[in-house]
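Data first, discussion second: the structure below is written as C-alpha cells.
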Amino acid sequence: LGAERRARLPPGEMGWPLVGGMWAFLRAFKSGKPDAFIASFVRRFGRTGVYRSFMFSSPTVLVTTAEGCKQVLMDDDAFVTGWPKATVALVGPRSFVAMPHDEHRRIRKLTAAPINGFDALTGYLPFIDSTVTSSLRAWADHGGSVEFLTELRRMTFKIIVQIFLGGADQATTRALERSYTELNYGMRAMAINLPGFAYRGALRARRRLVAVLQGALDERRAARAKGVSGGGVDMMDRLIEAQDERGRHLDDDEIIDVLVMYLNAGHESSGHITMWATVFLQENPDMFARAKAEQEAIMRSIPSSQQGLTLRDFRKMEYLSQVIDETLRLVNISFVSFRQATRDVFVNGYLIPKGWKVQLWYRSVHMDPQVYPDPTKFDPSRWEGHSPRAGTFL
C-alpha cells in the first residue's frame with residue numbers, strides 16, 4: 001500500500017499469518033458470546049466503527065455502524081459482492097452471492113415474482129398450513145420431549161422442498177436433505193480442500209445436490225416437451241417459465257444455483273428464527289398471551305366458507321410481526337455480509353483500499369444501545385409505530 005495509504009487504514013490488527021482473525025472469530029461464536037469478537041476491537045482501538053483484520057484468507061475491513069453499513073450497501077460503484085471463496089463455490093457462481101450488479105438485477109427481477117409474488121405465496125400457503133398443523137399434532141402425540149430445532153428444521157425442509165419441487169418423492173427429498181446438511185457445514189468454513197475439512201465434504205455435497213436438481217430439471221423439461229403437466233405449479237416450473245423483457249429465459253445453471261441459494265437461505269433461517277421466537281415467547285408469558293389473543297381474534301374473523309389462512313389474514317398479524325422483527329433484531333440470523341472495494345474509498349474517514357474485502361456487521365448495528373436502547377432486552381413493543389432509520393435494521 002505504501003506508507004501514506006497505510007497510515008489512513010482503520011485501526012486493528014491482521015493477526016497470525018494465513019489464519020488472521022479467524023481463530024478469535026470462531027472462538028467467540030462457538031463460546032456462545034458472538035459479540036465478544038467486535039467488542040475486543042472496540043476495547044483495544046475505540047469506537048471508530050471500522051476496523052482492519054485478515055478474515056477468510058483476505059485483508060478485510062469490518063464495518064460496525066449503521067451509517068457505515070448504509071454507505072457500503074448503497075454504493076454499487078465502489079462496492080461489489082465479496083463473499084468468501086467457500087460460499088461462492090458452494091452456493092454457485094450463477095447465484096446472487098457472486099454475480100455482477102447488472103446480472104444480479106436481471107436475475108432478481110426474474111425470480112422475485114416466482115419466489116414471493118402474490119400468486120406464488122397464495123399457492124404455497126395451503127401446503128405450509130397443513131404441514132405446520134400436522135407437525136404440531138405429531139409433536140403433541142409423541143408423548144415425551146422432542147428435540148425442537150431438529151424437528152423445526154425437518155419441517156421447514158419438507159415445506160421448502162415442496163415449494164421448489166412440488167412432486168419430489170421421499171427418496172429425492174432425503175437425498176436433498178443429506179446433501180444440503182453437509183453443504184451447510186462448509187458454508188462459512190475456511191476454503192481448505194483437504195481430507196477431514198468441512199469444506200471438502202461440502203464440495204462433494206454440492207455435486208450431489210446439483211445432480212439431484214439437474215435430474216429433476218431434465219425430467220421437468222422432458223415432460224413439458226411432451227405436453228405432460230405435473231398438476232400444481234412449483235418454483236422450478238416458475239423459474240423455467242420466467243423470461244426478461246428481451247424474451248431470454250434462465251439456463252439450467254442459473255436455475256440450479258438460484259435453488260441452492262434459496263434452499264440454504266430459506267430453510268436454515270426459517271428453522272432457527274422460529275425456534276428463537278418460540279423461546280422468547282415462552283420466556284415472556286405476557287407477550288405470549290398477547291400474541292395468542294391476536295391469533296384467536298383472526299381465527300374468529302375467518303368466514304366458515306374459507307379453507308385455511310390467506311395472505312389477508314397474515315396482514316392482520318400486527319403484534320406477531322413485531323415479535324418476529326424483534327427476534328430478527330436480537331438473534332440476527334444473517335449477522336454479517338460481504339462486499340469488496342472496486343476502488344480506494346473512505347468510510348468513517350478511514351481508507352478501504354481497492355480489492356480489500358468488507359464485512360458489514362449487522363449484529364453490531366442491532367446491538368448498539370445508541371440505536372436500540374437496552375439492546376439485549378427482548379421487547380416487541382419497540383416496533384409499535386416505529387419505522388427504522390435506513391441502515392439500522394438489516
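The values are calculated or read from the model by the stated rules, or taken from the named source; none is laboratory data. Given the structure is predicted, the values throughout are model-derived calculations rather than measurements. Cβ atoms come from the backbone with ideal geometry, glycine included; neighbour counts cover every protein chain shown. Surface accessibility is based on the protein's heavy atoms, side chains included, excluding ligands, DNA and RNA. Shrake-Rupley method; radii C 1.70, N 1.55, O 1.52, S 1.80 Å.
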## Note on the structure
The residue that is surrounded by the most Cβ atoms within 10 Å (Cβ to Cβ), considering only those in the range 1-31 that are closer than 16 Å to Tyr350 by Cβ and among the basic types (Lys, Arg), is Arg8
### Query
Got at least one residue in the range 375-393 being at pLDDT 95 or above, surrounded by fewer than 18 Cβ atoms within 10 Å (Cβ to Cβ) and small (Gly, Ala, Ser)?
yes
#### Entry: Hits in the range 137-179 - residues which are buried (at least 20 other Cβ atoms within 10 Å of the Cβ) and either more than 20 Å from the chain's Cα centre (by Cα) or not in a helix (DSSP H, G or I) (or both)
Leu165
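Name the single residue, out of those in the range 314-345 being more than 25 Å from Phe54 (Cβ to Cβ) and among the hydroxyl-bearing types (Ser, Thr, Tyr), that is surrounded by the fewest Cβ atoms within 10 Å (Cβ to Cβ). Can you show your working first?
Initially, the range 314-345 is screened for residues more than 25 Å from Phe54 (Cβ to Cβ), giving 314-331, 333.
Restricting the remaining residues to those that are among the hydroxyl-bearing types (Ser, Thr, Tyr) gives 319, 321, 327.
Details: Tyr319: 19, Ser321: 15, Thr327: 23.
Checked the range 314-345; the qualifying residue surrounded by the fewest Cβ atoms within 10 Å (Cβ to Cβ) is Ser321.
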### Residue among Val80, Val42 that alone is out of contact with any strand residue (DSSP E or B) (no Cβ under 8 Å at 6 or more places or on another chain) and surrounded by fewer than 22 Cβ atoms within 10 Å (Cβ to Cβ)
Val42
### Task
Tell me which residues, restricted to the range 186-206, are open to solvent by 60 Å² or more (accessible area, probe 1.4 Å) and at pLDDT below 80.
Arg188
### Contacts under 6 angstrom Cβ, first residue in the range 181-195 being small (Gly, Ala, Ser), partner open to solvent by 40 Å² or more (accessible area, probe 1.4 Å) and not in a loop (DSSP other than H, G, I, E, B), 6 or more apart
Gly186/Ala198; Ala189/Ala198; Ala191/Lys85
### Task
Inspect the range 94-108 for any residue being of a type in the set (Val, Ile, Thr), more than 30 Å from Lys357 (Cβ to Cβ) and in the same structural domain as Asp257 (by the TED database) and give the result as yes or no.
no
### Of the criteria (1) assigned to a helix (DSSP H, G or I); (2) within 30 Å of Ala205 (Cβ to Cβ); (3) among the basic types (Lys, Arg), which one Lys70 fails
(2)
### Query
Within the range 287-313, which residues are open to solvent by 60 Å² or more (accessible area, probe 1.4 Å) and either more than 26 Å from Glu151 (Cα to Cα) or in contact (Cβ under 8 Å) with a residue 60 or more places away in the chain (or both)?
Arg300, Ser301, Pro303, Ser304, Ser305, Gln307, Arg312
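Name the residue that is farthest from Asn184 (Cα to Cα), counting only residues in the range 85-123 that are in a helix (DSSP H, G or I), among the hydroxyl-bearing types (Ser, Thr, Tyr) and modelled with pLDDT of 80 or more.
Let us first name the residues in the range 85-123 that are in a helix (DSSP H, G or I), namely 85-91, 101-116, 118-123.
Still in the running and among the hydroxyl-bearing types (Ser, Thr, Tyr): 87, 111, 122.
From what is left, the residues that are modelled with pLDDT of 80 or more are 87, 122.
Working: Thr87: 10, Thr122: 29 Å.
Per the stated criteria, the residue is Thr122.
Name the residues in the range 337-353 that are in a loop (DSSP other than H, G, I, E, B) and of a type in the set (D, E, K, R), would you? Can you show your working first?
Taking the range 337-353 and keeping what is in a loop (DSSP other than H, G, I, E, B), we get 342-344, 348-349, 353.
Correct list: Arg343, Asp344.
Limited to the range 251-281, what total is found for residues that are among the charged types (D, E, K, R), crowded, with 17+ Cβ neighbours inside 10 Å and closer than 11 Å to Gly92 by Cα? Don't jump to the end; show me each part of the working.
Filtering the range 251-281 down to residues among the charged types (D, E, K, R) leaves 251-254, 257, 268.
Then drop every residue that is not crowded, with 17+ Cβ neighbours inside 10 Å, which leaves 254, 257, 268.
Those left that are additionally closer than 11 Å to Gly92 by Cα: 254, 257.
Qualifying residue count, the range 251-281: 2.
From the residues in the range 238-250 that are in a loop (DSSP other than H, G, I, E, B) and within 24 Å of the chain's Cα centre (by Cα), which one is surrounded by the most Cβ atoms within 10 Å (Cβ to Cβ)? Break it down into steps so the answer makes sense when it comes.
If we filter the range 238-250 for residues that are in a loop (DSSP other than H, G, I, E, B), which is where we start, we get 242, 244-248, 250.
From what is left, the residues that are within 24 Å of the chain's Cα centre (by Cα) are 242, 250.
On the way: Ala242: 20, Leu250: 22.
Checking each candidate, the answer is Leu250.
If the requirement is being modelled with pLDDT of 85 or more and at positive phi, which of these qualifies: Gly68, Gly49, Gly82? Spell out the reasoning first.
Numbers: Gly68 fails: at positive phi; Gly82 fails: at positive phi.
Every option except Gly49 fails the conditions.
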### Query
Could you list, in sequence order, the residues of the range 359-385 that are under 20 Å from Asp286 (Cα atoms) and hydrophobic (A, V, I, L, M, F, W, C)?
Phe378, Trp383
